[in-house]
1. Can you tell me which of (1) at pLDDT 95 or above; (2) open to solvent by less than 40 Å² (accessible area, probe 1.4 Å) is the one M68 doesn't meet?
2. Please go through region 81-95 and pick out each residue that is open to solvent by 30 Å² or more (accessible area, probe 1.4 Å) and part of a strand (DSSP E or B).
3. Taking only region 72-108 into account, find how many residues are farther than 20 Å from R22 by Cα and touching a residue at least 24 places away in the same chain (Cβ under 8 Å).
4. Return the residues of region 96-119 that are small (G, A, S) and in a strand (DSSP E or B); say none if nothing qualifies.
5. Over 29 Å from E110 (Cβ atoms) and either of a type outside the set (G, A, S) or modelled with pLDDT of 75 or more (or both): does that describe D93?
6. What tally of residues in region 101-137 results from selecting those that are within 14 Å of Y60 (Cα to Cα), open to solvent by 40 Å² or more (accessible area, probe 1.4 Å) and touching a Lys or Arg at 6+ places or on another chain (Cβ under 8 Å)?
Amino acid sequence: MSTPEEAQSAIEKFDGSELGGRMLKVNMPVPRGERERGARNERPRGDRPRFGGNQGNKIYVGNLSWGMDDGSLEDLFAEFGKVLEAKVVLDRDTGRSRGFGFVTLSSDSEVQEAISNLDGADVDGRQLRVNVAAPKV
């Protein structure tokens, strides 16, 4: 976009729309230091809690292939129940996967079924480690 008006038009057109089953957030950048400390987007996130909201049903997934992204991780666990959140952890400097992630399912029985079926499973040539996530300290 070559003008602020074109950027604003794109924001109005795409902000809040859905792409690939995910809600888009489109806005103007705020220079570092000008953003309110602790300010977050207050837009409702549908039926998904903020990540980490249901610690009891959170699964750690290790030894992920480098090509695995959030959507692929969600797809992998979807056959075992309702996926509330799926997140591949990225390196903050490079933006590349760190090789592990977390999945939150809606019930303990779904968690147990996913662990029993996927722990040790070969996915993209790598043997997954899947277990109940330890609480954040």
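1. Checking M68 against (1) at pLDDT 95 or above; (2) open to solvent by less than 40 Å² (accessible area, probe 1.4 Å), the one that fails is (1).
2. First, pick out the residues of region 81-95 that are open to solvent by 30 Å² or more (accessible area, probe 1.4 Å): 82, 87, 89-95.
Of everything in region 81-95, those that are open to solvent by 30 Å² or more (accessible area, probe 1.4 Å) and part of a strand (DSSP E or B) turn out to be K87, V89, L90.
3. Residues meeting the conditions: 6.
4. First, pick out the residues of region 96-119 that are small (G, A, S): 97, 99, 101, 106-107, 109, 114, 116.
Hits for region 96-119 are S97, G99, G101.
5. On the way: over 29 Å from E110 (Cβ atoms): yes; either of a type outside the set (G, A, S) or modelled with pLDDT of 75 or more (or both): yes.
For D93, the condition - over 29 Å from E110 (Cβ atoms) and either of a type outside the set (G, A, S) or modelled with pLDDT of 75 or more (or both) - is met.
6. Selection size over region 101-137: 3.
The values are calculated or read from the model by the stated rules, or taken from the named source; none is laboratory data. The structure presented is a predicted model; accordingly, all values stated were derived computationally and were not measured. No Cβ is skipped: glycine too gets one built from the backbone with ideal geometry, and neighbour counts run over all protein chains shown. Accessible surface areas use protein heavy atoms only, side chains included; no ligands, DNA or RNA. Shrake-Rupley method; radii C 1.70, N 1.55, O 1.52, S 1.80 Å.
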